[in-house]
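What follows is a short report on a single structure.
The values are calculated or read from the model by the stated rules, or taken from the named source; none is laboratory data. Since we're looking at a predicted model, the values are computed, not measured. Note that we place each Cβ from the backbone using ideal geometry, even for glycine, and neighbour counts take in every protein chain shown.
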Amino acid sequence: MQRIGVFVCHCGTNIAATVDVKAVVEALSHEPGVVFATDYQYMCSESGQTLMREAIREHKLGGVVVCSCSPRMHEATFRKAAAKEGLNPYMVEIANIREQVSWIHKDIKEGTEKAIILGRAAIAKVHLNQPLQAGESPVTKRALVIGGGIAGIQTALDIAEAGFEVDIVEKEPTIGGKMAQIDKTFPTLDCAACILTPKMVDVAQHEKIKIFSYSEIESVKGFVGNFRVAIRRKARYVDEDKCTGCGICTEKCPQKKVPNEFNMGFDTRRAVYIPFAQAVPKVATIDANYCTMLKTGKCGVCAKFCGVGAIDYKQQDQIVEREYGAIVAATGFNPLKPTQYDELGYATCADVVTSLELERLMNAAGPTAGTLLRPSDKKHPHTIVFVQCVGSRCDAENEKGKPYCSKICCMYTAKHAMLIRDKYPDTEVYVFYIDVRTPGKNFDEFYRRAVEQYGVHYIKGQVGKVVEENGTLKVQASDLLSGEQLHIDADLVVLATAVEPDKSARGIATMLTASMDTNDFFTEAHAKLRPVESPTAGIFLSGVCQGPKDIPETVSQASAAAAKVIGLLAKDKLTCNPCVAQSDELLCNGCSSCERVCPYGAITYSDKEFRGPNRTTLIRRVASVNPAVCQGCGACTVACPSGAMDLKGFSNRQIMAEVDAICKM
Amino acid sequence: MSHNKNAAAVEEVLRSSGVDVRKCMRCGKCTATCPAFDEMEYHPHQFVYMVEKGQIDKLAASDSIYRCLSCFACMERCPRQVEPAKLIEAVRLHVIRAKGANHLKPEQIPAMLDEDLPQQAIASAFRKYSK
């Protein structure tokens, strides 16, 4: 039998006001194995820990039960204190008599009774506790960043600056992401390209950073510190090492009618193209869907004009395998296509555009060279209506759109309205809103400037109908503050569409075994205290893939994710959580139930030789757990039909002992 | 929207009141604080919004401009310093001056007096109801 010490904490009055701590000490001191029991005002304090350490020493304790707050709060504190006295830290158990007793009960008698029961359960468990040793695994000192937008760029730069190698995998031909398409940035109105492209160049020139552009993640294996990732380098039919980015091929290509996605389809590009002037890497890519040579075998103009022989029509996809210690998801977002809202006329009226489309219509490098002209007749619009919350804040049940607030629309709409009023004062600008949400440094002041200084008409209410009549958009809307229905003849309608996670994110999350919410945003390990980590060890989150956010917030989060990655890569070895699952091979029936429920991919099956009767051997398929990957969630122990799976530190026997202790009155 | 209707009237009201209606955040504190709320058809926040929208004629035709007590509570408490009472006064002056007629004639006043009426109110009545 263990020699057990019991320590009951008052937590000031947090516990002592609702639990008679002296009575708890008295009751628990008679439990089997308890050789020492006491109470103290603050067990977590320096003197509380000293009290515990002295007791371990004097009474030669083999197990400790602390009746205090949640183990999430101070389990580590007490384990550390015990370890200093040479006691295995896993011989310490916490009975949570604060969150589970004093904070939720009012009656002292009831509270005291429950505290005693929880203490008794912890004592019963400690009797069965085994000393556990945390294992170690090495760390590959290189990080992978998936996505080369501003989030991925910032994360990669910060990690590289700390001296670690970083690979960026970007599915498009260039890094830059959505920010590259944006004209100006709020709240300071500086040009997006002016602040983004120097960072893109920094990435390209950094000796620690390698860019895999036009590449996708094929598979992810391994675990924290030891990921093995296969990257598919899609054939771009141009030799990246030879191409100088001179652009002659993009001028000579006879296929001129390819919709230019960078300019949101408002103009065209060639089949061989460089997405924009400041692209990184500055390398041409042949679009196989439009290239005449690749489709019919007849053309070859680009190869003829290329001075360095970089065109290679026979190029194939290549799979590259790389090893990483940490992976950062920075998969970003797309604006929702508002085609499902017939009433807003996006699909039918050329002059109903989305906000990102407007960015290109206002950008100096855009299809109109920065002059705001409406798409249908290339005329200057004199009345512009902005509609906010298109596809955001919808009821999740009826699939009208996204249930969340997209967060950035209020600010970029204020920016658009202000820029238009500034450049074209003869334009009337209306903004229809449900709420104006502009928290953030200098954000509300920015919005008020649009109203007060630039005279943008903000109207509380929504647009109900947009109909085109002889080149005019008839907008029917409500002004809720005056209780009127408004009819506005507009030249251009701009829809602030919801942000949605990039379609590739779901597949990547599956490969990373990183969890996602119902909207396909990556879930953080803790909404408040671990916001840039995925619950899966070694996977970190950067940018909008975790939830809608603007550029300043994205950059902050990207740096935070980098800090977490650096903290991981700086270690030579990782200490594993020893409370992991373990399979009893003699009981395992090879059914794969555990493998299927394991969210971390920690369980593998292999054929093993067992000794049979009469000197025979037999081969059986049995499960084994990789302790470095297992997070100790216990799903497998529940799924296992033969009882072969058990969680160290939370074995079935230990749990049943606790249940028995609780039931034994 | 009737932003260009009554442009001259709007301009006059804005100039004579000195109020910047665009500063209003539509919080409604002016109306929340108004002691004459029950007497008024249009309330202080509506004055601000309707002037912004150019609906001076509606305000001018309403009895609300004479129901305002000119207590200035709305001005005192507005977080944005919009000063609705000045706007109401400006609309009232706009009406009185345009009509060339006073809302009350001095000789009507003695009959309306009672002992509890403060001197201040009597003095201000001359300012409020005649030009």
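Observations on the structure shown:
- Residue within the range A:73-85 that is in contact (Cβ under 8 Å) with a residue 60 or more places away in the chain, under 18 Å from A:Asn577 (Cβ atoms) and crowded, with 16+ Cβ neighbours inside 10 Å present: no
- Identity of the residue in the range A:407-453, touching a strand residue (DSSP E or B) at 6+ places or on another chain (Cβ under 8 Å) and hydroxyl-bearing (Ser, Thr, Tyr), that ends up farthest from A:Val387 (Cα to Cα): A:Thr427
- Residue within the range A:463-484 that is within 18 Å of A:Val390 (Cβ to Cβ), among the hydrophobic types (A, V, I, L, M, F, W, C) and surrounded by fewer than 16 Cβ atoms within 10 Å (Cβ to Cβ) present: yes
- Considering the conditions (1) within 36 Å of the chain's Cα centre (by Cα); (2) surrounded by fewer than 18 Cβ atoms within 10 Å (Cβ to Cβ); (3) within 24 Å of A:Asp107 (Cβ to Cβ), A:Ala95 is excluded by exactly one of them, (2).
- Selection status of A:Ser215, buried (at least 19 other Cβ atoms within 10 Å of the Cβ), under 22 Å from the mean Cα position of the chain (by Cα) and farther than 20 Å from A:Val532 by Cα: yes
- Among residues of the range A:424-460 being among the charged types (D, E, K, R) and assigned to a helix (DSSP H, G or I), the one that is farthest from the other protein chains (Cβ to nearest Cβ) is A:Glu445.
- Test: residue in the range A:561-573 that is farther than 30 Å from A:Ala151 by Cβ, in contact with a strand residue (DSSP E or B) (Cβ under 8 Å, 6 or more places away or on another chain) and part of a loop (DSSP other than H, G, I, E, B): no
- Among (1) at pLDDT below 95; (2) touching a Leu at 6+ places or on another chain (Cβ under 8 Å) - the single one A:Gly176 does not satisfy: (1)
- Test result for A:Leu361, of a type in the set (A, V, I, L, M), assigned to a helix (DSSP H, G or I) and out of contact with any helix residue (DSSP H, G or I) (no Cβ under 7 Å at 6 or more places or on another chain): yes
- Screening A:Val463 with (1) away from chain B (no Cβ under 14 Å); (2) in contact (Cβ under 8 Å) with a residue 40 or more places away in the chain; (3) β-branched (Val, Ile, Thr) gives one miss only, at (1).
- Counted as qualifying within the range B:18-111 are the helices (runs of 4 or more DSSP H) with 1 or more residues that are within 14 Å of chain A (Cβ to nearest Cβ), namely B:29-33, B:44-52, B:56-61.
- Matching residues, the range A:277-308, being touching a strand residue (DSSP E or B) at 6+ places or on another chain (Cβ under 8 Å), in contact (Cβ under 8 Å) with a residue 40 or more places away in the chain and part of a loop (DSSP other than H, G, I, E, B): A:Val280, A:Pro281, A:Val283, A:Ala284, A:Cys291
- Criterion (more than 14 Å from every other protein chain (Cβ to nearest Cβ), of a type in the set (A, V, I, L, M, F, W, C) and at negative phi) met by exactly one of A:Ala498, A:Ala477: A:Ala498
- The conditions of being part of a strand (DSSP E or B), surrounded by 14 or more Cβ atoms within 10 Å (Cβ to Cβ), within 11 Å of chain B (Cβ to nearest Cβ) and under 39 Å from the mean Cα position of the chain (by Cα) are not met by A:Ile488.
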